[in-house]
Amino acid sequence: MRAQIKEKREVAKGTLLVIFDLLGREVDFKPGQYFWVTLLDPPYDDEKGPRRHITAVTSPNERGVLGLCTRLRDSAFKRSLAELPIGAEVEVEEPKGSFLLPEETNRRYVFIAGGIGITVFRCMLRYIAEEQLPHRVTLLYSNRDRDSAAFLDELVELEHDNSNLELVLTMTDDPDWDGEKRRIDAEFLRDHLGEELNSFSYLIAGPPAMVEGVVGTLEAAGVPEERIRPARFSGY
């Protein structure tokens, strides 16, 4: 379907939020799914072309619009997206993906986000809040520094309004941050979740190396494979 760029704003250092107007169409998707987006008249091009898949950052309840969020890097697609004006048209395909908000609410969940991996959890947590779902979630959110942490104030507000949500922040390279600074390893997990790591179900999203490291840590700690769901957000 055709869509137009409705809004663009930087939500953290080097992180761009783009809201697309679906031009009267509404699309049903599940929290966690992604969309293929094709830029129709990009100012830059490379061998990878103008089509990429990006996870929805807006809630399915935000009808008629679709929000995507990306780190700004020196690829033709991202440079084009940053420069395209409000009103520029794109092509949006139907939603895909199986990294979804779990339907079961009798488990305790740990969402682990590294950097831009927060986008998928922002979608899920907004939907949980809007629908008043009883999911019990601990969100572990790792960034280099506070300026790079997208949606930080919003996540703090979501935690304040939902007693079933706990937010744990770590800034691994920020001398001005007086909170947690460690990377997410076994000691970090036990300090914030307790000794029984296998009593949780884990959803992990972020850069591939970070995700692989956390998955390896959980497996080494004895967490069953079926309780670990990774999503690797590669750059493009």
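The values are calculated or read from the model by the stated rules, or taken from the named source; none is laboratory data. As the structure is a prediction and not an experimental result, all values here were calculated from the model. As a convention, Cβ positions derive from the backbone with ideal geometry for all residues, glycine included, and neighbour counts pool all protein chains shown. These area figures cover heavy atoms from the full protein model, side chains too; ligands, DNA and RNA do not enter into them. Shrake-Rupley method; radii C 1.70, N 1.55, O 1.52, S 1.80 Å.
For the range 39-52, the set of residues classified as surrounded by 15 or more Cβ atoms within 10 Å (Cβ to Cβ) and touching a residue at least 40 places away in the same chain (Cβ under 8 Å) consists of Leu39, Pro42, Arg52, listed by residue number. In the range 17-34, the residues that are farther than 25 Å from Ser80 by Cβ form Cβ pairs under 9 Å with partners that are among the polar types (S, T, N, Q) and crowded, with 18+ Cβ neighbours inside 10 Å, at six or more places apart or across chains, as follows: Pro31/Ser59; Gly32/Thr55. Taken together, the residues in the range 54-72 that are touching a Phe, Trp or Tyr at 6+ places or on another chain (Cβ under 8 Å) and surrounded by fewer than 15 Cβ atoms within 10 Å (Cβ to Cβ) amount to 1.
The set of residues from the range 5-40 being in a strand (DSSP E or B) and of a type in the set (S, T, N, Q) comprises Thr15, Thr38. Only a single criterion out of (1) open to solvent by 20 Å² or more (accessible area, probe 1.4 Å); (2) within 21 Å of Gly67 (Cβ to Cβ) is not satisfied by Ala205, namely (1). Within the range 155-176, residues that are without any contact (Cβ under 8 Å) to a residue 12 or more places away in the chain and exposed (fewer than 15 other Cβ atoms within 10 Å of the Cβ) have Cβ atoms under 9 Å from residues that are hydroxyl-bearing (Ser, Thr, Tyr) and assigned to a strand (DSSP E or B) in no pair, counting only partners at least 6 apart in sequence or on another chain. For the range 97-115, filtered to residues that are assigned to a loop (DSSP other than H, G, I, E, B), on the phi < 0 side of the Ramachandran plot and within 15 Å of the chain's Cα centre (by Cα), the residue that is surrounded by the most Cβ atoms within 10 Å (Cβ to Cβ) is Leu101.
Residues that are under 15 Å from the mean Cα position of the chain (by Cα) and either in a loop (DSSP other than H, G, I, E, B) or more than 23 Å from Met210 (Cα to Cα) (or both) within the range 126-152 comprise Arg126, Tyr127, Ile128, Ala149, Ala150, Phe151, listed in sequence order. For the range 116-141, taking the residues that are closer than 14 Å to Leu203 by Cα and not hydrophobic (A, V, I, L, M, F, W, C), the one that is surrounded by the fewest Cβ atoms within 10 Å (Cβ to Cβ) is identified as Arg136.
Going through (1) farther than 24 Å from Thr105 by Cβ; (2) in a helix (DSSP H, G or I); (3) not basic (Lys, Arg) one by one, Asp178 falls short only on (2).
Would you confirm whether or not the range 212-232 contains a residue that is in a helix (DSSP H, G or I) and in contact (Cβ under 8 Å) with a residue 60 or more places away in the chain? Can you show your working first?
Keep residues of the range 212-232 that are in a helix (DSSP H, G or I), which gives 212-220, 225-227.
With the extra rule that they be in contact (Cβ under 8 Å) with a residue 60 or more places away in the chain, the set shrinks to 214.
Yes; the residues of the range 212-232 include at least one that is in a helix (DSSP H, G or I) and in contact (Cβ under 8 Å) with a residue 60 or more places away in the chain.
Answer yes if at least one residue in the range 192-204 is in a helix (DSSP H, G or I) and in contact with an Asp or Glu (Cβ under 9 Å, 6 or more places away or on another chain), and no otherwise. Scanning the range 192-204, I find at least one residue that is in a helix (DSSP H, G or I) and in contact with an Asp or Glu (Cβ under 9 Å, 6 or more places away or on another chain), so the answer is yes. No other residue among Leu155, Leu66, Leu133, Leu72 is at pLDDT below 95 and either within 28 Å of Lys6 (Cβ to Cβ) or basic (Lys, Arg) (or both) apart from Leu72.
Set side by side, the residues Phe188, Phe200 differ, and just one is modelled with pLDDT of 95 or more, out of contact with any helix residue (DSSP H, G or I) (no Cβ under 8 Å at 6 or more places or on another chain) and surrounded by 13 or more Cβ atoms within 10 Å (Cβ to Cβ), which is Phe188.
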